[in-house]
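For reference, the structure is listed below as structure tokens.
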Amino acid sequence: MPADTSPADTVVLTDENNTYPEYVWYTIAAFLFVVGCFQHYESDEETAAFNNIQHKFSLRRIPLAIVNFYRVVAFRWTLAIGQSYTLNMAEVLVTVVYIALLLIYAFINTTSVKGQKLDVYYWSNRIAVLASSQFPIVTALGTKNNLVSLVTGISYDKLNYIHRMMARTCFMLLCVHAVGEVQYYSSYDWIHAGVIAMVAFFILILASLRPVRSNVYEVFFYIHFIAVMMLLVGAYFHTHGVYGSYWIWPSFVIWALDRVIRMVRLVVFNHSYFGFKSGYGTMDATTEMLSEDVVRVRLHRPPHFHWSPGQTAYLIMPSVSTLPFEAHPFTIASYDSSLLSTAETEDQSGSSREHEIQVSGSSSSLWKELVFFINVHRGFTKNLKEVAAKKGIVKVFVDGPYGSSPDLGSYDTSVLVAGGSGISYTLPVFLNVIEQARKGKSSCKRVVFIWSIRQAESVQWIEEALVKAVQLAPPSLTVSIRIFYTGSTRSMEEVSSLSNSTEKPGKDPLALSMLLSLRGVKMESGRSDLDALLKEEVSMASGSMSVSVCGSQGIARAVRRALRFPVSGPSSVLSGGPSVTLYVESFGYA
């Protein structure tokens, strides 16, 4: 304590350090509760709002128009940061409000008993307590199994921006705390623990920057693990016996609990590797090159492993990764279904026959396998490409599934947009829409499938699945498939002839030609005009409409721009136009 600080200052500061972090937590808890209510009840209210809809102006749609106005402003207006990174307005607002909230509580009532305004003893200590009070929720948001996801219904991957933002805000606050701290306490030994924690925190911030995460994920993975442990241990010893120490240890509990849950799931879903069973439970995966930059990984799933469309799994391949037990997330491209596997359709002769929806080139049906389309970059995926070039078999530990699955059953129109390997997300969702329509559990009347690829032959990855899906679609569901290829000038006939090639034995030679002959299927060269396509769908739609997109930043930006005002604005909704909900995979919900 500084020499000019009285015991009365310590009493006041102690009381404020106990209450102000609690106020911050109450504010955050209230916000999460509101978000959770909105997430869980929005679709039901929207469905009810469109009962007996008519295309005329109605004031009864004012609440729904307000919701659509909020969606457009919050999630489709973006702030560009550089050329490759954007924040939507919801993320910008949450960031600004969160930082302001902590700074307000850090600097209010910082006048000492003697009348010294902005007394460093007050704000330096309080800002440290406020930052440390955020450690438990920051830790929780960084885990795969957390209470925040359970309450809000938002998957951990979509909360990851909040995790990074809160961590960086805490680092900023602790830097301010350190400036005030060294003025008075540099001679104390416990300051060394704080210095170690801050150095670890600084390294952690650098390693979590997007270029590092994208280009050298392995470096980020292990630095993140080690730096977090150093940070928490250093912070605990730095605060032990003083303000804020009781905020540190819950982070260890949250982190350890998540690790225990993940380890149990890992053993359960990969039991044969741990000596419990042999044979069918072995998760050995086959690999193959689909193109120069895409690898397909296929493995039989255990009978007790189930997932929903759009979910991800973490793959651990010790023989491929640079370091053991690196966990890399990938979207599951296969579909866990039993209905479509036994559905019957009529062939051209009029006879009925059973069909299995398959991933092209696979000997097993889509629902009996876990299938992943993996983009090749550096590090792990580059090593995997070398294995796939030899069609090697690798041992895989599977951790998952994780993430949420969009419930599109309440929408009258569903549009799915993908670029390249983004098909891993939209294909299972597309198949699920058709299955739910067959079961009579969906109100969807039209589903549009848009896929942009570089090479025309890439359509062979999923051609059989698309053919069978269109054949199985009920009469009540209109299916439209639009495929655009930009890197090849082959005609449709040339692409179709690829199916007759002897280079890929076991393929149905008629699959691609059948796909192109089906009603509602179009394949053309050139870039897709997403703005025109989506505006056309909005003009045709009535009731509620969903647009799901998984692809590059450019594709996501194009979709957001297309769905801004006046296409899906409040005036359109008031006049009977569709209420449009946007799902952007890996970027957030709108």
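A short reminder: the numbers here are calculations on the coordinates, not readings from a lab. This is a predicted model, so every value here is computed, not measured. Here Cβ is always computed from backbone atoms with ideal geometry, including for glycine, and neighbour counts include all displayed protein chains.
Once the Cβ-Cβ distance between E524 and I205 is put in as r, and R0 is 41 Å, what FRET efficiency do you end up with, to the nearest 0.05? Could you put the intermediate results ahead of the total?
Working: r = 46 Å, r/R0 = 1.12.
So the FRET efficiency works out to roughly 0.35.
Cβ under 11 Å from A473's Cβ, A473 left aside: what net charge do those residues give with Lys, Arg +1 and Asp, Glu -1? Let's see the in-between values first.
Details: positive: R438, R446, K468, R519; negative: E435.
My count for the surroundings of A473 gives +3.
Any idea how far apart I62 and A30 come out in nm if each label point goes 7 Å out from Cα toward Cβ?
In this crude spin-label approximation the distance works out to 2.6 nm.
Expressed in nm to one decimal, what extension gain is obtained for the pair F38 and T322 from 0.36 nm per residue of sequence separation less their Cα-Cα distance? Intermediate results must be reported in sequence, preceding the final value.
Numbers: separation 284, 0.36 × 284 = 102.24 nm, distance 4.30 nm.
Once the chain is fully extended between F38 and T322, it gains 97.9 nm.
Relative contact order (percent) for region 395-461, with alpha-carbon contacts under 8 angstrom and 6 or more residues of separation?
Working: 65 pairs, mean separation 27.4, N = 67.
Contact order relative to length: 41 percent.
Quick check on region 113-257: take the gyration tensor over C-alpha atoms, sort the square-rooted eigenvalues as a ≥ b ≥ c, and tell me if it's rounded (a/c under 1.5), prolate or oblate.
Verdict is prolate for region 113-257.
Past 28 Å, Cα to Cα: identify those pairs from K158/K382; K439/K468; K468/K522; K144/K395; K385/K535; K385/K468, in the order given.
Numbers: K158/K382 26 Å; K439/K468 16 Å; K468/K522 16 Å; K144/K395 23 Å; K385/K535 39 Å; K385/K468 30 Å.
With Cα atoms farther than 28 Å apart: K385/K535; K385/K468.
How much length is gained on full extension from V212 to Y70, taking 0.36 nm per residue of separation minus their Cα-Cα distance? Numbers along the way, then the final one.
On the way: separation 142, 0.36 × 142 = 51.12 nm, distance 3.37 nm.
Full extension of this stretch gives 47.8 nm more.
From the square roots a ≥ b ≥ c of the eigenvalues of the alpha-carbon gyration tensor of region 365-476, which class results: rounded (a/c under 1.5), prolate (a/b over b/c), or oblate?
Here region 365-476 falls in the prolate category.
Express in nm, to one decimal, how much length is gained between V233 and Y23 on full extension, taking 0.36 nm for each residue of separation and deducting their alpha carbon distance.
On the way: separation 210, 0.36 × 210 = 75.60 nm, distance 2.58 nm.
Gain on stretching V233 to Y23: 73.0 nm.
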